[in-house]
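What follows is a short report on a single structure.
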Amino acid sequence: MLSILIPTYNYDVFSLVQSLHKQAIDSGKVFEILVFDDGSKDFIEENNKINTLDNASYTVLDENIGRSAIRNLLAQEATYDTLLFLDADVAVLNDNFLMNYLEAITDETQIIYGGIVYSEKSTDKDHVLRWVYGRQREALPLGERLKNPYLRFLTLSFLIQKDVFKTISFNEEIPNLRHEDTLFAMDAKTNDINIQHIDNPVMHLGLETNDVFLRKSIESVVSLKLFVNDGLINPDDVTLSRVAKRLSENYISGIVLFFYKMFEPIMKRNLLSKKPSMFLFDLYRLGYYLKLKSKNR
């Protein structure tokens, strides 16, 4: 028995639900599909078609409660003990997607992550930064993900047992910025909860524009710094905070921060261009992290 849970906000999710609904019926398993809309203003009419499907429902919340809270609410309302979370802006790539997850379940299963891929070609120059980042940093083959199963976990497609979710539900006390998936994975690590990786990716469709993704990336840096300060994340568990810590320990963080302040406009210009450098992207975020860190002294 399976509960498929999809949070959405201003996104047409009907085609995703249709494909999942067909696979669920073909599987012969008992299932439900719950789609909770976090106070959208758009695509209500399109998504309402979900309510015409058997064992599927679409509910619009009265107000926006945030990414963490809506996932917790979906899990709370789910009928069954096996939960499959999917983001609204993904596409299922093969007809065996659901069965691949279900057949990977064993008596020891707690969390399973299937992975993510991106299109072979970028859609256009205005979305290229998100595409390059996704291709190089998120769309990792199974072997690479297995080397660091917690840090390589993303919440856009994962299966979890309901009793496990009760132990490490999403933290609703954190700011509604970014890095909630990192915090979720680190909570799993702290609680000795296993994250199993399989080769069952979805494709990420909802690419932000370059300027929006860069802004969200800075928001994620702010979140990471807050989580480290509050002891929610060990700085050694995340590459960015670990490097910043090493630079500070070796008294060279000031040099990197000086470089960031001098060349920030040039780096930003590159990141918003049609050929963004991931080296500069990392340096840009590191410089911003060190800038935040310097303000706490």
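Cα atoms only, segment 34-144: Rg and Dmax in Å?
Looking at segment 34-144, its Cα Rg and Dmax stand at 16.7, 46 Å.
Just to confirm the number: angle between the C-alpha axis of helix 180-190 and the first principal axis of the chain, 0 to 90 degrees, nearest 10?
90
Could you state the angle between the C-alpha long axis of helix 253-271 and the longest principal axis of the C-alpha atoms of the chain, as a value from 0 to 90 degrees rounded to the nearest 10?
That works out to roughly 60 degrees.
Could you list which residues have their amide H under 5 Å from that of Val117, counting only those 5 or more apart in sequence or on another chain, with H placed in the peptide plane?
Amide H to amide H, under 5 Å and 5 or more residues apart or across chains, Val117 pairs with Val202, Met203, His204.
Non-local amide H neighbours of Phe31 (under 5 Å, H modeled in plane, Pro and chain starts lacking H): which ones?
Placed amide hydrogens put Leu2 under 5 Å from Phe31.
With θ taken as phi - 60° and the coefficients 6.51, -1.76 and 1.60, list the Karplus ³J(HN,Hα) couplings across segment 110-126 in order, rounded to whole Hz; mark glycine and proline as x.
Each residue of segment 110-126 in turn: 10, 9, 10, 10, x, x, 9, 9, 10, 4, 5, 10, 5, 5, 6, 5, 6 Hz.
For segment 27-57 and segment 173-217, write down the distance between their C-alpha centroids in whole Å.
Distance between centres, Cα-based: 23 Å.
Give me the distance between the Cα centres of segment 107-143 and segment 233-255, rounded to whole Å.
26
Tell me the angle of helix 278-295 to the major Cα principal axis of the chain, expressed in degrees between 0 and 90 and rounded to the nearest ten.
The angle comes out near 70 degrees.
Enumerate the amide H contacts of Val60 below 5 Å, restricted to partners 5 or more residues apart or on another chain; note that Pro and chain-start residues carry no placed amide H.
Asp37
Using only the alpha carbons, work out the radius of gyration and Dmax of the chain in angstrom.
Expressed in Å, the Cα Rg and Dmax of the chain come to 19.8, 62.
Would you mind computing Rg(Cα) / (2.2 N^0.38 Å) for segment 218-275, counting N as its residues?
For segment 218-275, the normalised Cα radius of gyration is 1.30.
How many percent of the accessible area of the chain is carbon or sulfur, using a 1.4 Å probe?
Carbon-and-sulfur percentage of accessible area, whole number: 50.
Residues of the chain: accessible area per residue at 1.4 Å, in Å²?
That works out to 49 Å² for each residue.
Kindly provide the Kirkwood hydrodynamic radius of segment 98-228 in Å, to one decimal, from all pairs of distinct alpha carbon atoms.
15.9
Taking the Cβ-Cβ separation of Ile44 and Leu146 as r and a Förster radius of 45 Å, what is the calculated FRET efficiency to the nearest 0.05?
Rounded to the nearest 0.05, the efficiency is 0.65.
How about segment 102-181: which GluC sites (Glu not before Pro) there are in a DSSP loop, with at most 12 other Cβ atoms within 10 Å of their Cβ?
Glu108, Glu120, Glu173
So how many Å³ per residue does the convex hull of the Cα atoms of segment 167-273 work out to?
Taking the convex hull of the Cα positions in segment 167-273, it is 153 Å³ per residue.
The values are calculated or read from the model by the stated rules, or taken from the named source; none is laboratory data. Values in this document were obtained by computation on a predicted structure and should not be read as measured data. For neighbour counting, all protein chains shown are included, and Cβ atoms are generated from backbone atoms with ideal geometry for every residue, glycine included. When the accessible area is computed, the model is the full protein with side chains, heavy atoms only, and any ligands, DNA or RNA have been set aside. Shrake-Rupley method; radii C 1.70, N 1.55, O 1.52, S 1.80 Å.
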